[in-house]
Amino acid sequence: MENFDRKKHWENIYKTKELKEVSWFQPTPETSLDFFRQFNVPTTAKIIDIGGGDSFLVDNLLNLGYQDITVLDISEFSLDRAKLRLGERASKINWIVADAATFKPTEKYDFWHDRAAFHFLTQENEISNYLDTVQKSIKPTGVLVIGTFSENGPNKCSGIEIKQYSENTMTDRLKMFFEKINCITVDHKTPFDTIQNFVFCSFRKLNTA
């Protein structure tokens, strides 16, 4: 995998597959939206969706009145599809084309959301770099939500390997910087009528002062 071009891979996926032809498609991202409700995230909160691509989370957040949303994805084509769908509303979103493994934010966020981007980071240096970036880029009162394939889920997605997590391994991985709030497992039904088991965990930054 040393010569694997992650950006080229994902650009090709989005250029060759329609919205409903990818396993992660959700008409309404209920699990993610439930976390916003659970934490009563104010509409003025600074939000970032990591690996958001052309998912419908951003549409739902706009419908709920959220005013400060950033969507990041390695695939520029996926973000272009989302912009096209949103039309004039796309101008309300901050779009960033970047690899989550090397992303260096210039802002701090109140709510960091990552559904199925983190589990594509399989190299230790990428994982460590990502988590270091997250802890530096979340406000002291901010919330982190990460969803990955569970140990009962697939071990590959879109032809490439992923790293599975359980509640324990996820919590252990983040314990240096974050305190676990809650973890749940969720069965995601794909457009192909298969089931993918996810673990979603929410965390709050530890007070290291």
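Observations, loosely collected:
- Note on the stretch 155-169: residues that are touching a helix residue (DSSP H, G or I) at 6+ places or on another chain (Cβ under 9 Å), not in a strand (DSSP E or B) and not basic (Lys, Arg) total 4.
- The stretch 83-124, subset polar (S, T, N, Q) and either modelled with pLDDT under 95 or in a loop (DSSP other than H, G, I, E, B) (or both), residue nearest to Lys139 (Cα to Cα): Thr106
- When Ser150 is tested against (1) buried (at least 18 other Cβ atoms within 10 Å of the Cβ); (2) polar (S, T, N, Q); (3) on the phi > 0 side of the Ramachandran plot, just one condition goes unmet, and that condition is (3).
- Of all residues in the stretch 170-201, exactly one satisfies the criterion of being under 16 Å from Tyr130 (Cα atoms) and among the hydroxyl-bearing types (Ser, Thr, Tyr), namely Thr171.
Okay, residues lined up against (1) on the phi > 0 side of the Ramachandran plot; (2) surrounded by 19 or more Cβ atoms within 10 Å (Cβ to Cβ); (3) without any contact (Cβ under 8 Å) to a residue 40 or more places away in the chain:
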| residue | (1), (2), (3) |
| --- | --- |
| Pro27 | no, no, yes |
| Phe35 | no, yes, no |
| Gln38 | no, no, no |
| Asn60 | no, no, yes |
| Asp80 | no, no, yes |
| Leu84 | no, no, yes |
| Glu107 | no, no, no |
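- Among the conditions (1) within 24 Å of Asp59 (Cα to Cα); (2) polar (S, T, N, Q); (3) surrounded by 15 or more Cβ atoms within 10 Å (Cβ to Cβ), the only one that Thr133 does not satisfy is (1).
- Sole exception among (1) buried (at least 18 other Cβ atoms within 10 Å of the Cβ); (2) farther than 22 Å from Phe4 by Cα; (3) under 16 Å from the mean Cα position of the chain (by Cα); (4) not small (Gly, Ala, Ser) for Val186, by number: (1)
- Selection status of Lys163, of a type in the set (Lys, Arg) and farther than 16 Å from Gly51 by Cβ: no
- Filtered by the rule that a residue be touching a helix residue (DSSP H, G or I) at 6+ places or on another chain (Cβ under 7 Å), part of a helix (DSSP H, G or I) and either within 17 Å of Cys157 (Cβ to Cβ) or at pLDDT below 80 (or both), the stretch 11-47 gives Glu11, Tyr14, Lys15.
- The listed residue being buried (at least 17 other Cβ atoms within 10 Å of the Cβ) and among the aliphatic types (A, V, I, L, M), out of Ile138, Ile127: Ile138
- Every pair of residues 6+ apart whose Cβ atoms lie under 8 Å, when the first sits in the stretch 121-136 and is more than 16 Å from Gly51 (Cα to Cα) while the second is assigned to a helix (DSSP H, G or I) and modelled with pLDDT under 95: none
The values are calculated or read from the model by the stated rules, or taken from the named source; none is laboratory data. All figures in this text were calculated on a predicted structure; none of them were measured in a lab. Note: ideal-geometry Cβ built from the backbone for every residue, glycine included; neighbour counts use all protein chains shown.
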